[in-house]
Amino acid sequence: MSHSIREISRHSSIYRGFIITRRPKTVISKIARYEITLGEQSFGLFDAQAQATGYIDELHIQKGKTA
């Protein structure tokens with residue numbers, strides 16, 4: 001099943017119920033990063049949006065195995 005990324009603001013998107021926030025590059029961090037959150041819980045930073053969505057997909061697979 002294919003899921004789509006829906007933009008909710010300039011820097012934030014929603015994917016499978018998770019918020020993916022783009023953190024722009026800075027002087028210290030030379031690349032943009034993507035943070036995954038669900039409610040108040042953060043699931044880390046990723047170097048690419050594809051990595052972030054892949055991680056969310058893996059979380060859903062794991063959830064299906066434990067249910």
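The values are calculated or read from the model by the stated rules, or taken from the named source; none is laboratory data. Just so it is clear, the structure is predicted and the values come from calculations on it, not from any experiment. For neighbour counting, all protein chains shown are included, and Cβ atoms are generated from backbone atoms with ideal geometry for every residue, glycine included. These area figures cover heavy atoms from the full protein model, side chains too; ligands, DNA and RNA do not enter into them. Shrake-Rupley method; radii C 1.70, N 1.55, O 1.52, S 1.80 Å.
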Reported set for segment 1-53 where residues are among the charged types (D, E, K, R), over 22 Å from Lys63 (Cβ atoms) and in a strand (DSSP E or B) is Glu7, Arg22, Arg23, Arg33
Scanning segment 19-67 for residues that are β-branched (Val, Ile, Thr) and either in contact (Cβ under 8 Å) with a residue 40 or more places away in the chain or open to solvent by 70 Å² or more (accessible area, probe 1.4 Å) (or both), the one nearest to Ser4 (Cα to Cα) turns out to be Thr53
Based on this model, can you work out whether Arg6 counts as in contact with a helix residue (DSSP H, G or I) (Cβ under 8 Å, 6 or more places away or on another chain) and charged (D, E, K, R)? no
